[in-house]
Amino acid sequence: MNNTWYSFSVSDVGKKRTVNQDSIYSNDNQMIWAVADGMGGHRDGDKASQAIIAIFEETTFSQVMSERLIQIEKSIRTLNADLQNYSSNNLNGQLMGSTIIVFTVCQGMCAVLWVGDSRCYKISQNIMKQVSWDHSYVDELLRAGHMVEEEAAASKLSNVITRAVGAHDELFFDHVIMPYSDEDTFLLCSDGLTHELTDVIIEKSIIKNGCAQVSIDDLLTKTLDHGARDNVSIMLISSQQRRPKNTQEARLIESYSGKLNTLANVLFNREIELTSYYQKFSEIIEQSISSHNSFKGQDTQELPVLKREVKIEKKPTVKFPKVTLNETNNRSIDYRYSFLIATIISLFIILMLLVFN
């Protein structure tokens, strides 16, 4: 495999916790990375996140994107049932859960899938944007329009998540699929980072230092300086492959992410069986890969710069009269003059009406 991807990562217990319930997975060769955040308020959160990461360590993943993503979903759904059974039999029904966010590259495309509030960001052209959205009480209210940004930022319910592996009988993922360019850097993190540092602080650090260990060290140091009340996991991922950005392709592939989102909602509303879901999911991914392949000839090389002589037609400058301060003080004269003309026209119209009547 001709791998051009590289990553840097850290997972730290923070300053307030005694156990690190976060677990991370990084495989640059297979081009798959993951962050799992064990739920601190639940029993054995560290074991739940470790069990998720063990899936990636023990699985040989397909080199076909649709198959790879379905492999991940099926494996985590199986683990979800196992965690439910373990909780019921060994923890008196107390929940044992974890978030999971996965970033993978396959067939020249990137994909993100997740459950919970661990996040993926994309940094491109010195701008950082959140790719994933949180499966949290606050974020769902925000996305539904029942809460504004200021209320969300101040809410004490920001840590209440609505989905987690092991927390529910059924598990529902969300997905984003996208192309990439050589100027893109991706950030995976647990909420231990985003609860301590604003997006602005994170963005500035990564833009300044790039996808490098120094960025990881800087973000961790800043998190610790802000109190590090939770475990914190940070992962930066980027590619060395020469690949210019193709805006047209990005817009097209974004439409497939929309289709995946619609399909996920259909499954969430139980309007489709899981078998049919996997089939339709595979079809959408394969269509997106096919669309990506149609751009291959454009995005693997730089377009030539066409040099041409531009002839500028010289036109005479319009000479507008200059308005002096004294003239501006006499504008009331212009208004009175306009009023006089309007009065004369009105009287003329009234006279005509009288004559013709």
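Rule-based calculations on the coordinates, nothing more; no lab input. Treat the numbers as computed from the prediction; the structure is a model and nothing was measured. Cβ atoms come from the backbone with ideal geometry, glycine included; neighbour counts cover every protein chain shown.
Annotated for the stretch 5-299: lysine pairs at least 8 residues apart or interchain, Cα distance under 17 Å, count 13. The calculated FRET efficiency for Arg143 paired with Ser255, based on their beta-carbon distance and R0 = 22 Å, is about 0.70. Between Ile207 and Asn90, the C-beta separation translates, for a Förster distance of 45 Å, into a calculated FRET efficiency of about 0.45. From least to most packed, judged by other beta carbons within 10 angstrom and beginning with the fewest, Glu140, Glu73 follow the order Glu140, Glu73. Taking other Cβ atoms within 10 Å as a rough exposure proxy, Met147, Met235 sort from fewest to most as Met147, Met235. Taking θ as phi - 60° and the Karplus parameters 6.51, -1.76 and 1.60, the scalar couplings of the stretch 189-199 work out to 7, 8, 6, x, 7, 6, 7, 9, 10, 6, 4 Hz in sequence order, x denoting glycine and proline. Peptides 159-172, 101-114, 194-207 ranked from most to least packed, by the mean per-residue count of other Cβ atoms within 10 Å: 101-114, 159-172, 194-207. With the simple spin-label model, which puts each label point 7 Å out from Cα in the Cβ direction, the Glu273 to Gln241 separation comes to 3.7 nm.
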